[in-house]
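Inspection log for the structure reproduced underneath, given as structure tokens.
The values are calculated or read from the model by the stated rules, or taken from the named source; none is laboratory data. Computed from a predicted model, the values in this text were never measured in an experiment. Cβ atoms come from the backbone with ideal geometry, glycine included; neighbour counts cover every protein chain shown.
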């Protein structure tokens, strides 16, 4: 059910390469804010024509939080981790190339920039949301 929902809401390009690891509706009674926080991890599938037997997954790049389009009047923030692989012998690191994402796509410009690595640390979200996203003491956390 949840996978079907996310497949309907997010562009096919995201769902093809990323999987939803967690999602929450977070809110602050004091600020009267409610928003969705959705965690995406890149799937562990070697990009392109690289031979899978020669590479190993070496975790993720630093997590990036980007603001996406609202859903049902609630702010939407995507916490995204892109995967990286290392060649077993040469130790070179590879990552999937997301440069195919064109301007004018269904992505926000911040999400598009992050996937294309044009602006790794761009942050457009409002400061009162960032406090809620990164504080360890959330007033109310409700899992969908």
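Observations on the model:
- Taken over region 59-71, residues that are part of a strand (DSSP E or B), at pLDDT 90 or above and surrounded by 13 or more Cβ atoms within 10 Å (Cβ to Cβ) amount to 1.
- Of all residues in region 1-45, those satisfying the criterion of being free of Cβ contacts under 8 Å to residues at least 40 places away in the same chain, part of a loop (DSSP other than H, G, I, E, B) and under 18 Å from residue 61 (Cα atoms) are 44, 45.
- Any hit, region 72-88, residues being outside any loop (DSSP other than H, G, I, E, B) and free of Cβ contacts under 8 Å to residues at least 12 places away in the same chain: no
- Every test in (1) closer than 17 Å to residue 97 by Cβ; (2) surrounded by 12 or more Cβ atoms within 10 Å (Cβ to Cβ); (3) over 14 Å from the mean Cα position of the chain (by Cα) is passed by residue 44 save one, and that test is (2).
- Qualifying residue in region 117-125 (condition: modelled with pLDDT under 80, surrounded by fewer than 15 Cβ atoms within 10 Å (Cβ to Cβ) and touching a strand residue (DSSP E or B) at 6+ places or on another chain (Cβ under 6 Å)): yes
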